[in-house]
Amino acid sequence: MPPSASVHSDDPDDLLVDYRTLDGIYDELVAPDGERRPYWRSFLDGMRSLPADEVAQHPQTALRLIRQHGVTYNVYGDPKGEQRPWELDVMPLIIPEDEWDLLERGLKQRARLMNAILADLYGPQTLIKDGVLPSALVYANPNFHLPCHGIVPPYETFLQLYAADIARSPDGRWWVFNDRTQAPSGAGYALENRVITAQCLSDLFREGRVRRLAHFFQALRENLRALSGKDDPRIVLLTPGPLNETYFEHAFLARYLGYPLVEGADLTVRDNRVYLKTIGGLQPVDVVLRRIDTEWCDPLELRPDSALGVAGLVEAARAGNVTIANALGSGLVECTALMGFLPGLCSHLLGEELVLPHIATWWCGQQSAREHVIANLDSMVVARTFQTPTLVNAEAGQVLGSALDAAERAALIERIRQRGYDYVGQEAITLSTAPAWDQGKLVARPMALRMFATALGDDYAVMPGGLTRISESNSTRAVSMQRGSGSKDTWVLSSAPVDSFSLLRPEESTPVLRRAGDDLPSRAADNMYWLGRYAERTENAMRLLRSLLTRLAEDSVQDSTANVAMQKLLYMLAHPGDVDGLMRRRGRTLSPAQIEHRIQAYLFDPAEPNGIPQLVKTVNRVASLTRDRLSLDAWRTLDQLHQEALRQRPRVWLDIGDASAILNDMLRTMSAFSGLGMENTTRTQGWRFLDMGRRMERAATMAGLLRGLLSAGDPERQGFLDRLLELADSFMTYRARYVSAPRLVPVLDLLLVDESNPRSVGFQLDALEQHAARLPRFGDALDRSPEQRQILSCQAAIRLADVRTLAQADSKGRRVELDTLLARVAGALADLSETIGRHYFSHADLGRHTEAASLRRFFEP
């Protein structure tokens with residue numbers, strides 16, 4: 001590893017000497033005349049003025065913000081797990097204004113050129129007819145989709161978003177080595193890098209006259225709006241789903257731009273129109289910003305085995321009823337072999353010379369190019385002709401000629417001679433390096449930059465920055481996130497003061513006023529509902545385990561009564577409801593050691609299905625599916641809970657005090673999430689389904705606890721009434737009402753019937769009834785919906801119940817009426833959840849059998 005340079009040098013001149021020992025950093029920081037570049041001098045002077053401990057803290061601050069924001073990317077087959085935290089080096093790549101002007105002009109030209117090529121190849125195909133472009137590079141290209149031929153997007157703009165990967169050689173010249181036209185990724189990560197870096201280096205960022213990124217995203221949003229021809233169109237961002245490698249970016253951009261994040265199953269095509277499935281019915285879609293490759297977009301006309309797309313999407317685009325950005329088939333010009341023809345294409349289509357050069361490229365389908373590649377193989381990188389890398393995965397199949405032994409070299413040459421059209425050769429370039437932090441030192445790291453442009457009228461607007469990627473190794477051949485590389489913010493400097501523009505509509509436009517509506521996608525409603533249920537389930541499990549720990553500390557597990565009581569509470573974790581029946585069927589009593597072992601497993605064992613680690617993991621997974629619906633504070637709270645759970649490890653023995661402290665901390669975090677939901681969340685339909693999930697789970701859990709602990713035996717003597725009041729957080733309420741020790745009848749009234757107690761079953765049903773009344777209505781608006789009828793029938797049964805009668809036991813100590821009522825309540829809640837799912841999530845036809853079955857639970861003997 002080369003030597004490194006410390007920012008905190010006692011002598012400023014030592015800084016230059018240190019940098020001269022670093023080949024790569026020297027190229028970046030020092031101009032060809034030997035003088036330090038002025039913009040780097042200013043930046044490093046600012047860094048040197050900061051306290052050393054503050055500079056050392058910047059990487060930790062960035063990592064903390066990345067975790068709080070939930071910035072991740074997925075790598076398939078990664079042994080660390082599918083999701084990995086985004087890697088960010090807080091040392092930015094700085095580009096001066098004059099250098100940026102050249103890059104900006106070059107990227108605009110290249111975007112216009114790629115758009116013109118697509119317009120011709122999916123239209124008249126004069127480039128093929130005139131012999132400017134070989135037909136084999138079009139018709140043999142898997143990214144040329146014949147069903148898309150003849151589909152002309154609005155204003156003939158095929159590329160609404162274009163990206164190019166560029167690299168700088170050690171002599172300072174920039175080269176393009178990849179074009180991205182399919183569904184370019186990385187703009188959202190670039191924005192997140194900016195947000196985090198600007199917080200870490202706030203003073204340097206403010207004083208450095210760094211151009212802002214918001215103008216670019218404003219241009220993107222206004223361009224997509226203009227495509228629809230409407231003032232207030234419905235635009236959706238189509239994602240492959242949470243398993244995609246850049247799913248975080250999809251959710252982040254959807255939220256930032258204000259678009260619904262949808263999957264293929266959220267959309268449907270009716271009469272050549274695309275519709276979004278919402279809880280209020282089908283809503284027409286005007287523009288689809290796709291993050292799915294073309295071949296997966298439509299199983300009818302493209303790839304029949306695709307489950308990611310929308311059947312009929314191509315026909316809807318052909319009919320002009322929806323605009324797709326980028327246009328379907330636009331990945332055609334990502335072909336690396338096309339680079340060798342771009343100078344001629346630019347002259348032919350635009351009448352211009354290329355501003356930005358690209359890596360010298362030879363397509364081996366032409367004899368002269370094939371012979372050149374073979375003759376110069378040692379200085380070539382050889383790859384397959386039709387092969388496109390992704391943002392975070394390496395380019396599989398690339399071969400560096402100089403790295404081959406004699407046998408491998410001969411085999412490659414033979415393959416090139418036999419099937420030259422399958423191969424492309426490119427000059428093996430050496431990437432320049434940029435300074436990066438490594439344990440408080442500056443080190444040289446190879447870097448590449450992805451730049452972005454969005455259509456704007458008849459030209460393109462370029463993001464003043466981009467996604468800079470660096471390699472953790474010293475190899476200057478490749479940069480790949482798959483190999484553990486990181487990223488940087490990119491600062492484009494301005495000679496004039498920069499504004500603090502934010503993403504708002506122009507002042508002259510009249511905003512469309514909106515309130516909460518019924519346009520919530522059904523999948524989002526489903527996810528919010530289950531987030532509420534799993535969050536409540538996790539909190540209930542924590543409360544139950546805390547109660548068990550308290551009883552374990554107070555009572556002797558050798559006492560048979562205490563042992564049975566604790567065993568009942570344990571079974572409640574996994575099987576709420578008929579616990580007595582379950583214990584009779586199992587026919588054995590757990591020993592004291594087994595009880596402690598089970599408690600410890602529920603607390604710390606990540607393999608325990610109903611344990612805290614698994615429940616917290618599930619909450620985190622479901623929350624990740626609703627990232628575009630949760631506030632940043634809510635996400636941070638859940639991420640904090642997840643981090644707390646990850647820090648726990650299985651114990652050799654159970655420390656009651658330590659375990660209680662951990663549960664108390666987690667419960668405080670869960671309470672914070674609940675509070676944010678109640679006080680900081682707008683009462684949209686998304687919040688409504690989140691709260692419905694909570695109420696449904698709380699009602700089911702409380703009904704199960706009451707049934708499991710009170711339907712038989714002597715709960716007063718066994719201490720179950722105290723535990724129930726503790727679990728329901730209702731001790732203070734009970735003591736304020738009754739002077740006596742807990743008694744069965746008043747406890748039943750408080751936890752089952754009393755609609756003023758936020759933990760009672762009655763309170764949950766009342767809340768559910770209010771929510772159901774505010775949900776979208778179908779059919780006769782004057783008639784009650786199926787879910788309203790089910791809730792009302794359940795409410796009536798509880799309101800009409802006589803708690804004194806319910807508390808009476810027969811000669812065997814069983815409370816049959818209480819057990820029957822609570823069993824019916826549990827069944828009715830399960831039916832209600834199914835009805836809500838059919839009605840609002842899956843849009844399946846509701847059968848009357850569901851409602852009738854729920855009603856029979858209460859009105860039939």
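Restricting to region 213-233, name every residue that is assigned to a loop (DSSP other than H, G, I, E, B) and surrounded by fewer than 18 Cβ atoms within 10 Å (Cβ to Cβ). Across region 213-233, the qualifying residues are Gly229, Lys230, Asp231, Asp232, Pro233.
All of Leu342, Leu332, Leu350 fail the test of being surrounded by fewer than 20 Cβ atoms within 10 Å (Cβ to Cβ) and either within 30 Å of Glu414 (Cα to Cα) or in the same structural domain as Leu146 (by TED's automatic domain parsing) (or both), apart from Leu350. Restricting to region 722-746, give me the number of residues that are in a helix (DSSP H, G or I), hydrophobic (A, V, I, L, M, F, W, C) and either within 41 Å of the chain's Cα centre (by Cα) or under 18 Å from Asn540 (Cβ atoms) (or both). Within region 722-746, residues that are in a helix (DSSP H, G or I), hydrophobic (A, V, I, L, M, F, W, C) and either within 41 Å of the chain's Cα centre (by Cα) or under 18 Å from Asn540 (Cβ atoms) (or both) number 4.
Figure legend. Inter-residue proximity from region 131-146: first residues free of Cβ contacts under 8 Å to residues at least 40 places away in the same chain, second residues β-branched (Val, Ile, Thr), beta-carbon distance below 8 Å, spacing 6+ or different chains. Indicated pairs: Ser135/Ile128.
Here is a check on your reading of the model: is Asp286 within 21 Å of the chain's Cα centre (by Cα) and acidic (Asp, Glu)? First the steps, then the outcome.
Working: within 21 Å of the chain's Cα centre (by Cα): no; acidic (Asp, Glu): yes.
No, not satisfied.
Put simply, of Ser785, Ser854, Ser760 the only residue that is buried (at least 20 other Cβ atoms within 10 Å of the Cβ), at pLDDT below 90 and farther than 23 Å from Gly280 by Cα is Ser854.
At least 2 residues being out of contact with any Leu (no Cβ under 6 Å at 6 or more places or on another chain) and in the same structural domain as Leu159 (by TED's automatic domain parsing) is the threshold, and among the strands (runs of 3 or more DSSP E) wholly inside region 261-326 those reaching it are 267-270, 273-278, 281-284.
Only one residue in Gly312, Gly281, Gly320 is at positive phi and touching a Phe, Trp or Tyr at 6+ places or on another chain (Cβ under 9 Å). Which one?
On the way: Gly312 fails: touching a Phe, Trp or Tyr at 6+ places or on another chain (Cβ under 9 Å); Gly320 fails: touching a Phe, Trp or Tyr at 6+ places or on another chain (Cβ under 9 Å).
Result: Gly281 is the single residue among Gly312, Gly281, Gly320 that is at positive phi and touching a Phe, Trp or Tyr at 6+ places or on another chain (Cβ under 9 Å).
Only one of Ile94, Ile117 is open to solvent by less than 10 Å² (accessible area, probe 1.4 Å), of a type outside the set (Asp, Glu) and assigned to a strand (DSSP E or B). Can you tell me which?
The match here is Ile94.
For the condition modelled with pLDDT of 60 or more and assigned by TED's automatic domain parsing to the domain that holds Leu641, Trp530 qualifies. In the set (1) assigned to a loop (DSSP other than H, G, I, E, B); (2) closer than 30 Å to His358 by Cβ; (3) within 15 Å of the chain's Cα centre (by Cα), the condition left unmet by Pro184 is number (3). The single condition among (1) of a type outside the set (A, V, I, L, M); (2) surrounded by fewer than 17 Cβ atoms within 10 Å (Cβ to Cβ); (3) out of contact with any strand residue (DSSP E or B) (no Cβ under 7 Å at 6 or more places or on another chain) that Pro147 does not meet is (2). Inclusion of Ile413 among residues that are more than 33 Å from the chain's Cα centre (by Cα), among the aliphatic types (A, V, I, L, M), modelled with pLDDT under 85 and surrounded by 16 or more Cβ atoms within 10 Å (Cβ to Cβ) is not warranted. For region 120-132, a residue qualifies if it is surrounded by fewer than 22 Cβ atoms within 10 Å (Cβ to Cβ) and in a loop (DSSP other than H, G, I, E, B), and the qualifying residues are Gly123, Pro124, Gln125, Asp130, Gly131, Val132. The single condition among (1) touching a Pro at 6+ places or on another chain (Cβ under 7 Å); (2) open to solvent by 10 Å² or more (accessible area, probe 1.4 Å); (3) at pLDDT below 75 that Arg67 does not satisfy is (3). Taken residue by residue, region 199-208 has at least one member that is open to solvent by 10 Å² or more (accessible area, probe 1.4 Å), in contact (Cβ under 8 Å) with a residue 12 or more places away in the chain and within 25 Å of the chain's Cα centre (by Cα). Candidates are the residues of region 234-278 that are without any contact (Cβ under 8 Å) to a residue 40 or more places away in the chain and buried (at least 20 other Cβ atoms within 10 Å of the Cβ); the one that is farthest from the chain's Cα centre (by Cα) is Tyr275. Summed over region 789-822, the residues that are open to solvent by 20 Å² or more (accessible area, probe 1.4 Å) and of a type in the set (S, T, N, Q) give a count of 4.
The values are calculated or read from the model by the stated rules, or taken from the named source; none is laboratory data. These figures come from a predicted structure and were not determined experimentally. So basically every Cβ, Gly included, is an ideal-geometry build from the backbone, and we count neighbours across all protein chains shown. Just the protein is used for accessible areas: all its heavy atoms, side chains included, with ligands, DNA and RNA removed. Shrake-Rupley method; radii C 1.70, N 1.55, O 1.52, S 1.80 Å.
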